[in-house]
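Novice: Here it is, the structure in full.
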Amino acid sequence: MKSIYTKIISGVIIAMLTLSGCSKLLEEEPRSVFTPDFFTTEKGVVGGVAALYGHLRNIYGNGYYYNACLTGTDEYTYAQQADGNFKDMDLSGVGSLTPSSSRSDVLWNEAFPAINTANGVIENAVAVEGISAALVAEAYFFRGFDYFMLVQSFGGVPLDLGSGELMFNTSTIRTSVRNTVPEVYTRAIFPDLLKGIETLPDVGRVQGGATKTLARLYLSKAYLSYAWWLENPNNIPTYPSTDRVDPDGHDASYYYQKAYDMAVEGIDNPGSYALQETYYDVNYGPNDRNSEIMLYADHTEDSEYYNGGSHSYGSGGAPDNFSIWMVTWDYTFLESGTTAQWASSVRSVQREASQPYGRPWTRMAPTQNAIINTFADKANDSRYDGTFVTTWRANWDKGGVANEVLYNANGMEVRPGDAILTILDTEPSEAVDYSNTTYNSNVGAGVIAGRADFVIPPSAISRRKHPNLWKLGTYRTDNGTGLGQPNGGSTRPFNIAKFSELYFVAAEAAVKGASVQAGRNARELINVIRARAGVWRWDNNGNVEKNDDLSAEMIAATPATITIDYILEERSREYFGEGYRWFDLVRTQKWDEISGTYQIAGSDINDHTPQTFTRDIQPFHYLRPIPQGQMDAMELEGAEKQAYQNPGYN
């Protein structure tokens, strides 16, 4: 099957809101804007659709947008080397979230050009000979997709980009009118995704291409989010201000049922999608683009041109996939002695282009709450081991260090492949000694008698040293016997949508009162996912084969009554660090309740004691601010401009 690799370049921005046409074009025909004439050719329509796939790379894998989706939740806080991009999002008193500092600007700035490109394809492709309705349906899907992401983040957003509602715009405009949330859902998101279900193929036109069941997933998510919005259980304000009334007269219960039915329809009509046999395989680098992944922002090791960035040097900007850097602490300072008495030392874990390692930036750290509480079951549930790096192993030989043996904790010998540092799964029964001056870890880890690896108990996880995220880690096949190219952006696809989420959507809708099918109540749906999580084929951090089926234990531990809180816990275990969390907590209006406080140790090397931090999450924070660049570009009167911004951010 053909791949969806596309090469995109930036064009000229000539309109302030919609960027008149599209600012991302195919390299094969560089242009500054898309025009109606461009979409009157087969090449133009195909190019426009390819650009819609390409725009995903400027959002997903962008480390700053990634931060906006996770920092400030129960999953992540800012780390030792964080700047204002990350501290502002944490809402814990170390920064301030403003229209200038919010990194949700990435979504706003990239979604509207893509929407206008989709408008151009939809409006003009009908007159082009040889263009199938299924190809145009891909544009419908992406327009619905982008509007769904926008309405969750900002509230109501404009449907008229300058030339009429959902029309292709080619003129420079400096005014804008925001539609209400119900208008965006019922006039754009629902009809566009329904069009996708009607017309898209069961199996993608290209590998990773849009399908009926991908559209079913997003429509079920949209129904679910809209149902919560209509219900509004915690009286969270919306904007633009409007009554929480559906234009078609339906209530929240109606949409919870629609969400359930659509998600189950997706499960029953999988097309080419299927759950992987183990959780480990879902995120294992050599198994990328597997049957569970429904949509991704693609990258490739095969060609820098189609990768969208250098293979050897990461720019720290789009379209590179550099999210993983943000959550990786600087393990490369780890040292071991050249003698048992540590007369001198060598960096024993070096920066490597492999899934547990990669390029460290130390901008985001997981909270202790997540590591200790969310992943409380580390024995039966494979998802902790399949999510995090908690063991750093010696690789000095790949960096050209000739020593066959080095000496680590307690003066004990270590060889390449041995553990140098371990973050323990649980608090040890014996005391961890941080004061041993002979074998003192230079990163502030401790010693336990009889162990050659330095250790950090869960209670000492800090902003400086913490579990890294294995699931998004670097994967390359061109390292040879060396360290490879760890400084380039990741050449892996960034996963956006997974088949497994259909089970979660249906379960959540069932908890909210949807009538269920036999064998598909909330507990039964969740247990499909939990049973899979109990199947092990590899112990990732132990670095050994582990063929254990603990699915029965996982199912037995599932509560008899499933609640929204439990579903949110399960969603975090399944999708930790993938960018779902802020949207999950905002949708269910649980953000402050679940993330209002968190524990973590400090930023200094010798900080081992957890501190409790409190976030000031206000109701207005449930919407992100309209970016300052957008506000500055519009020619509106002062009162009009103030009214355009989401309340609380003026």
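The values are calculated or read from the model by the stated rules, or taken from the named source; none is laboratory data. Quantities reported herein were computed from a predicted structural model and do not represent experimental measurements. Here the Cβ positions follow ideal geometry from the backbone for every residue, glycine too, while neighbour counts run over all protein chains shown.
Novice: Name the single residue that is surrounded by the most Cβ atoms within 10 Å (Cβ to Cβ) among those in region 608-650 being of a type in the set (D, E, K, R) and over 25 Å from A365 (Cβ atoms).
Specialist: Filtering region 608-650 down to residues of a type in the set (D, E, K, R) leaves 615-616, 624, 632, 635, 637, 640-641.
Next, only the ones that are over 25 Å from A365 (Cβ atoms) stay: 632, 635, 637, 640-641.
On the way: D632: 11, E635: 10, E637: 8, E640: 13, K641: 15.
It comes out as K641.
Novice: If you go through region 60-80 one residue at a time, do you hit one that is at pLDDT 95 or above, under 17 Å from the mean Cα position of the chain (by Cα) and surrounded by fewer than 24 Cβ atoms within 10 Å (Cβ to Cβ)?
Specialist: Here is the first cut: in region 60-80, the residues at pLDDT 95 or above are 60-80.
After this cut, where a residue has to be under 17 Å from the mean Cα position of the chain (by Cα) as well, the list is 60-78.
Within this subset, residues satisfying the condition of being surrounded by fewer than 24 Cβ atoms within 10 Å (Cβ to Cβ) are 64-65.
Looking for residues that are at pLDDT 95 or above, under 17 Å from the mean Cα position of the chain (by Cα) and surrounded by fewer than 24 Cβ atoms within 10 Å (Cβ to Cβ), one finds at least one in region 60-80, hence yes.
Novice: Suppose we filter region 395-410 for residues that are touching a strand residue (DSSP E or B) at 6+ places or on another chain (Cβ under 7 Å) and either surrounded by fewer than 24 Cβ atoms within 10 Å (Cβ to Cβ) or not in a loop (DSSP other than H, G, I, E, B) (or both); how many remain? Reasoning before the result, please.
Specialist: At the first step, the residues of region 395-410 found to be touching a strand residue (DSSP E or B) at 6+ places or on another chain (Cβ under 7 Å) are 396, 401, 403, 405-410.
When the remaining residues are screened for being either surrounded by fewer than 24 Cβ atoms within 10 Å (Cβ to Cβ) or not in a loop (DSSP other than H, G, I, E, B) (or both), the result is 396, 401, 403, 405-407, 409-410.
Qualifying residue count, region 395-410: 8.
Novice: So how many residues does region 323-356 have that are under 24 Å from Y64 (Cβ atoms) and touching a helix residue (DSSP H, G or I) at 6+ places or on another chain (Cβ under 7 Å)?
Specialist: The number of residues fulfilling the criteria is 5.
Novice: Can you name every residue in region 380-394 that is touching a residue at least 60 places away in the same chain (Cβ under 8 Å) and of a type in the set (A, V, I, L, M, F, W, C)?
Specialist: Correct list: F388, V389, W392.
Novice: Taking the residues in region 285-307 that are of a type in the set (S, T, Y) and more than 16 Å from the chain's Cα centre (by Cα) as candidates, determine which candidate is farthest from F141 (Cα to Cα).
Specialist: S303
Novice: Now for a different question. Which of the residues spanning region 285-335 are in contact with a strand residue (DSSP E or B) (Cβ under 9 Å, 6 or more places away or on another chain) and either free of Cβ contacts under 8 Å to residues at least 12 places away in the same chain or polar (S, T, N, Q) (or both)? Give the derivation first.
Specialist: Taking region 285-335 and keeping what is in contact with a strand residue (DSSP E or B) (Cβ under 9 Å, 6 or more places away or on another chain), we get 288-289, 292-299, 308, 319, 321, 323-324, 326-329, 331-335.
Of everything in region 285-335, those that are in contact with a strand residue (DSSP E or B) (Cβ under 9 Å, 6 or more places away or on another chain) and either free of Cβ contacts under 8 Å to residues at least 12 places away in the same chain or polar (S, T, N, Q) (or both) turn out to be N321, S323, T328, T332.
Novice: Something else: Answer yes or no: is there a residue in region 226-234 that is surrounded by 15 or more Cβ atoms within 10 Å (Cβ to Cβ), among the small types (G, A, S) and either over 30 Å from P619 (Cα atoms) or touching a residue at least 40 places away in the same chain (Cβ under 8 Å) (or both).
Specialist: First, the residues of region 226-234 that are surrounded by 15 or more Cβ atoms within 10 Å (Cβ to Cβ): 226-231.
Then keep just the ones that are among the small types (G, A, S); that gives 227.
With either over 30 Å from P619 (Cα atoms) or touching a residue at least 40 places away in the same chain (Cβ under 8 Å) (or both) added as a condition, the list becomes 227.
Yes, region 226-234 contains a residue that is surrounded by 15 or more Cβ atoms within 10 Å (Cβ to Cβ), among the small types (G, A, S) and either over 30 Å from P619 (Cα atoms) or touching a residue at least 40 places away in the same chain (Cβ under 8 Å) (or both).
Novice: Only residues in region 395-409 that are more than 18 Å from Y331 (Cβ to Cβ) and touching a residue at least 24 places away in the same chain (Cβ under 8 Å) count as the first member; pair them with residues that are of a type in the set (G, A, S) and part of a loop (DSSP other than H, G, I, E, B), Cβ under 7 angstrom, at least 6 apart or cross-chain, and list the lot.
Specialist: Once the first residue is more than 18 Å from Y331 (Cβ to Cβ) and touching a residue at least 24 places away in the same chain (Cβ under 8 Å) and sits in region 395-409, its partners that are of a type in the set (G, A, S) and part of a loop (DSSP other than H, G, I, E, B) give Y407/A340.
Novice: Can you name every residue in region 258-282 that is within 23 Å of the chain's Cα centre (by Cα), closer than 12 Å to V505 by Cα and not aliphatic (A, V, I, L, M)?
Specialist: G266, the sole residue that qualifies.
Novice: Right, here's the next one. With V455, V505 as the choices, which residue is within 24 Å of I293 (Cα to Cα), of a type outside the set (K, R) and at pLDDT 95 or above?
Specialist: Numbers: V455 fails: within 24 Å of I293 (Cα to Cα).
The conditions single out V505.
Novice: Follow-up. Looking at (1) under 20 Å from the mean Cα position of the chain (by Cα); (2) of a type outside the set (F, W, Y); (3) under 30 Å from G411 (Cβ atoms), which is the one condition that is false for T339?
Specialist: Tallying (1) under 20 Å from the mean Cα position of the chain (by Cα); (2) of a type outside the set (F, W, Y); (3) under 30 Å from G411 (Cβ atoms), T339 fails exactly one: (1).
Novice: Next question. For F168, state whether it is part of a loop (DSSP other than H, G, I, E, B) and buried (at least 23 other Cβ atoms within 10 Å of the Cβ). Lay out the reasoning, then the answer.
Specialist: On the way: part of a loop (DSSP other than H, G, I, E, B): yes; buried (at least 23 other Cβ atoms within 10 Å of the Cβ): yes.
When the stated conditions are applied, F168 passes them.
Residue-by-condition table, conditions (1) part of a helix (DSSP H, G or I); (2) under 23 Å from the mean Cα position of the chain (by Cα):
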| site | (1), (2) |
| --- | --- |
| E110 | yes, yes |
| T117 | yes, no |
| A125 | yes, no |
| L150 | yes, yes |
| P158 | no, no |
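Novice: What helices (runs of 4 or more DSSP H), lying completely within region 502-579, carry at least 1 residues that are within 20 Å of W228 (Cα to Cα)? Steps first, answer last, please.
Specialist: Numbers: elements: 522-533, 551-556, 564-575.
Answer list for region 502-579: 522-533, 564-575.
Novice: Let me ask something additional. Of everything in region 116-167, what is of a type in the set (D, E) and over 15 Å from L193 (Cβ atoms)? Give them in sequence order. Show your work before the answer.
Specialist: Of the residues in region 116-167, the ones of a type in the set (D, E) are 123, 129, 138, 146, 160, 165.
Correct list: E123, E129, D160, E165.
Novice: Related question: Report the residue count in region 188-222 for those that are among the aromatic types (F, W, Y) and in contact (Cβ under 8 Å) with a residue 60 or more places away in the chain.
Specialist: Taking region 188-222 first, the residues among the aromatic types (F, W, Y) are 190, 218.
After this cut, where a residue has to be in contact (Cβ under 8 Å) with a residue 60 or more places away in the chain as well, the list is 218.
Qualifying residue count, region 188-222: 1.
Novice: Would you mind telling me which numbered condition in (1) buried (at least 23 other Cβ atoms within 10 Å of the Cβ); (2) closer than 22 Å to D539 by Cβ; (3) not aliphatic (A, V, I, L, M) P286 fails?
Specialist: Of the numbered conditions (1) buried (at least 23 other Cβ atoms within 10 Å of the Cβ); (2) closer than 22 Å to D539 by Cβ; (3) not aliphatic (A, V, I, L, M), the odd one out for P286 is (1).
Novice: Under the condition of being touching a strand residue (DSSP E or B) at 6+ places or on another chain (Cβ under 7 Å) and part of a loop (DSSP other than H, G, I, E, B), which residue from region 429-442 is farthest from N606 (Cα to Cα)? Before the answer, list the steps.
Specialist: Filtering region 429-442 for residues touching a strand residue (DSSP E or B) at 6+ places or on another chain (Cβ under 7 Å) gives 432-434, 436, 439, 441-442.
Subset that is part of a loop (DSSP other than H, G, I, E, B): 432, 434, 436, 439, 441-442.
Details: V432: 13, Y434: 8, N436: 13, Y439: 15, S441: 10, N442: 10 Å.
The extreme case among them is Y439.
Novice: I'd like the full set of residues that are in contact with a helix residue (DSSP H, G or I) (Cβ under 8 Å, 6 or more places away or on another chain) and closer than 19 Å to Y598 by Cα, limited to region 84-99.
Specialist: Step one: list which residues in region 84-99 are in contact with a helix residue (DSSP H, G or I) (Cβ under 8 Å, 6 or more places away or on another chain), which gives 85-86, 89, 91, 94-99.
Matches in region 84-99: F86, M89, L91, V94, G95, S96, L97.
Novice: Looking at region 197-218, is at least one residue buried (at least 16 other Cβ atoms within 10 Å of the Cβ), in a helix (DSSP H, G or I) and either at pLDDT below 95 or of a type in the set (D, E) (or both)?
Specialist: Taking every residue of region 197-218 in turn, none turns out to be buried (at least 16 other Cβ atoms within 10 Å of the Cβ), in a helix (DSSP H, G or I) and either at pLDDT below 95 or of a type in the set (D, E) (or both).
Novice: While we're on this one: I'd like the residue in region 590-607 that is of a type in the set (S, T, Y) and more than 20 Å from the chain's Cα centre (by Cα) and, out of all such residues, is farthest from P458 (Cα to Cα). Talk me through it step by step, then tell me what you get.
Specialist: So in region 590-607, the residues of a type in the set (S, T, Y) come out as 595, 597-598, 603.
Filter once more, so that each one left must be more than 20 Å from the chain's Cα centre (by Cα): 597-598, 603.
Numbers: T597: 17, Y598: 14, S603: 15 Å.
Taking the candidates together, the pick is T597.
Novice: Here is a further query. Looking at E570, E545, E593, E553 in this structure, which one is on the phi < 0 side of the Ramachandran plot, acidic (D, E) and surrounded by 18 or more Cβ atoms within 10 Å (Cβ to Cβ)? Walk me through it before giving the result.
Specialist: Values: E545 fails: surrounded by 18 or more Cβ atoms within 10 Å (Cβ to Cβ); E593 fails: surrounded by 18 or more Cβ atoms within 10 Å (Cβ to Cβ); E553 fails: surrounded by 18 or more Cβ atoms within 10 Å (Cβ to Cβ).
None of the other options fit; the residue is E570.
Novice: Considering only region 243-279, how many residues are surrounded by fewer than 23 Cβ atoms within 10 Å (Cβ to Cβ), outside any loop (DSSP other than H, G, I, E, B) and in contact with an Asp or Glu (Cβ under 9 Å, 6 or more places away or on another chain)?
Specialist: 3
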